[in-house]
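Remarks on the structure that follows.
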Amino acid sequence: MQDQAARLREIIKQRKNFNTAIVEKTKETVTTDTARIICVTSGKGGVGKTNFTLNLAIALSKQNKRVIIIDADLGLANVDVVMGILPKFSLLDVIKGDKGMEDIMVTGPNGIKIISGGSGLLDLIDMPQDKIQHLISKFDSINSYADVILIDTGAGLSKSVLSFVLAAHEVIVVCTPEPTAITDAYAMIKTIGMKDPGKKLKLLINRVESINEGKITFEKIQNASNKFLNINIEKLGYLLEDIHVSRSVKLQQPFIIQFPASPVSKNMELIACKLTSDKVEKDLGISTGGFFNRVLSLFR
C-alpha cells in the first residue's frame, strides 16, 4: 500500500510539473507575439487618408481583429474629430507619468482603440534617453490589445512623416486620381524607395468615379515606379466617390457604420479582406517598442 501511495504521489507531481510547463510556455508565446504595424500615409493632403484609416480599422474589427489607431499626424491630429470624440488624455500624459498606455486609449466603434499622439510625440523627441527607453518599454503592452496597429501619419515628406513610414512593417500610400495627388504619391514612393528599398508598399486609390479610373491611376503610378525607380507597388484597391462619405463626415460617424450598405462601405470591406488574406511574415524582433525606437532614431 505504501509503494502504491508513493507511486500515486509521483504521478501527481509529474502531472503538476507538466501542467506548469504548459502554462509557462503559453505565457511565453503570448508575450513574444507582436502586432502587425501598418503605416497609412500620403504625398498630398486632403486625399481622405484619415477617413480611410478609421473605416479600415472598423472593417478589420468586423473580421475579429483587435485594432488600434495611433494618430501620428503631429500638430493636426484629427481622427478624434472625424469620430466626433474628444480624448481626455494623449501620449503627453504617459510621458509625464500620469497615465499608462491603457488609460489613454479611447474606445471607438466596434471596439477599435484610438491613441491620440497630440503634442506628446514631439515632446518625446526632446526627452532624456533613459526616460525615452522607459516610455518606449510601455508600448510593448499594446501588443496584448492589438492584432493590427494602424499609424495615421501626416501628409508629405516631412521628417516626422518619414520617420513613421520607414519604421513600420508595411506602408499604405493613399492617392486620388488628381494629377497633383499622383505626382506627390510618386514622390513619396521614390523617397521611401531610396531610403528603404525593401519596404512593402501598397497603393490605395481613393475617390474614383469608376473602377476603370482607379485602374488607370494605379497603372500610371505602378508603371512609372517600375520603369524609373525599379519599385514594385502592390494594388490594395479602390474606393469609389460616394455621397455617403461626405454625409458621414458631417455626421462625424464612420461611413462603414452609418451607411453599411453603401458602395464605398462594400469597397472597404473588400480591402480589409485583401489585407487579412495577405501572407505576412512577422518579424518577431520588431515589437511596438522596437517600432518607436526606430521612429526616434530616424528623428534624431
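Output the residues belonging to the stretch 43-94 that are crowded, with 22+ Cβ neighbours inside 10 Å, assigned to a helix (DSSP H, G or I) and at pLDDT below 80.
V79, L91 - these are the residues of the stretch 43-94 that are crowded, with 22+ Cβ neighbours inside 10 Å, assigned to a helix (DSSP H, G or I) and at pLDDT below 80.
S160 - would you say it is touching a strand residue (DSSP E or B) at 6+ places or on another chain (Cβ under 9 Å) and either at pLDDT below 95 or not assigned by TED's automatic domain parsing to the domain that holds N226 (or both)?
yes
Do we find that N293 is more than 24 Å from the chain's Cα centre (by Cα), on the phi < 0 side of the Ramachandran plot and assigned by TED's automatic domain parsing to the domain that holds V79 in this structure?
In short, no.
A quick yes/no check of all residues on (1) free of Cβ contacts under 8 Å to residues at least 40 places away in the same chain; (2) in the same structural domain as L236 (by TED's automatic domain parsing); (3) more than 14 Å from E219 (Cα to Cα):
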position: H169; (1), (2), (3): no, yes, yes
position: Y186; (1), (2), (3): no, yes, no
position: G193; (1), (2), (3): yes, yes, yes
position: G198; (1), (2), (3): yes, yes, yes
position: L204; (1), (2), (3): no, yes, no
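Mind checking which residues of the stretch 144-161 are crowded, with 19+ Cβ neighbours inside 10 Å, over 12 Å from the mean Cα position of the chain (by Cα) and over 23 Å from F218 (Cβ atoms)? Outline the logic, then answer.
Of the stretch 144-161, the ones crowded, with 19+ Cβ neighbours inside 10 Å are 146, 148-155, 160-161.
Within this subset, residues satisfying the condition of being over 12 Å from the mean Cα position of the chain (by Cα) are 154-155, 160-161.
Within the stretch 144-161, G154, S160 qualify.
Filter the stretch 193-219 for residues that are closer than 26 Å to F164 by Cβ, surrounded by fewer than 20 Cβ atoms within 10 Å (Cβ to Cβ) and not hydrophobic (A, V, I, L, M, F, W, C) and give the result.
G193, K195, D196, P197, G198, K199, K200, listed by residue number.
Between L150, L203, which is more than 18 Å from G46 (Cα to Cα), in a strand (DSSP E or B) and not basic (K, R)?
On inspection, the qualifying residue turns out to be L150.
Assuming F255 fulfils every condition listed in (1) at pLDDT 95 or above; (2) over 23 Å from A185 (Cβ atoms) apart from one, which condition is it?
Here F255 clears every test but (2).
Please enumerate the residues belonging to the stretch 261-288 that are more than 17 Å from V148 (Cβ to Cβ) and at pLDDT below 80.
G285
Cβ-Cβ below 7 Å, separation at least six or inter-chain, first residue in the stretch 223-240 and in the same structural domain as E170 (by TED's automatic domain parsing), second basic (K, R): which pairs?
The qualifying pairs are L229/K190; E234/K202; L236/K202; L236/K274; G237/K274; L239/R207.
S163 fails exactly one of the following numbered conditions: (1) part of a helix (DSSP H, G or I); (2) under 20 Å from L229 (Cα atoms). What is the number of that condition?
Of the numbered conditions (1) part of a helix (DSSP H, G or I); (2) under 20 Å from L229 (Cα atoms), the odd one out for S163 is (2).
Check E219 against each of (1) in contact with a helix residue (DSSP H, G or I) (Cβ under 9 Å, 6 or more places away or on another chain); (2) at pLDDT 95 or above and name the one condition it does not meet.
Just one mismatch for E219, condition (1).
Determine whether I189 is in a helix (DSSP H, G or I), within 21 Å of K274 (Cβ to Cβ) and under 19 Å from the mean Cα position of the chain (by Cα).
yes
Inside the stretch 210-276, counting only helices (runs of 4 or more DSSP H) that do not spill past its ends, which hold 2 or more residues that are among the charged types (D, E, K, R)? Can you show your working first?
Details: elements: 211-224, 243-251, 255-258.
Helices (runs of 4 or more DSSP H) meeting the threshold: 211-224, 243-251.
With respect to the numbered conditions (1) modelled with pLDDT under 80; (2) assigned to a helix (DSSP H, G or I), which one is the sole condition not fulfilled by N110?
N110 satisfies all of (1) modelled with pLDDT under 80; (2) assigned to a helix (DSSP H, G or I) except (1).
The values are calculated or read from the model by the stated rules, or taken from the named source; none is laboratory data. All values reported here derive from a predicted model rather than from experimental measurement. Cβ: placed from backbone, ideal geometry, glycine included. Neighbour counts: every protein chain shown.
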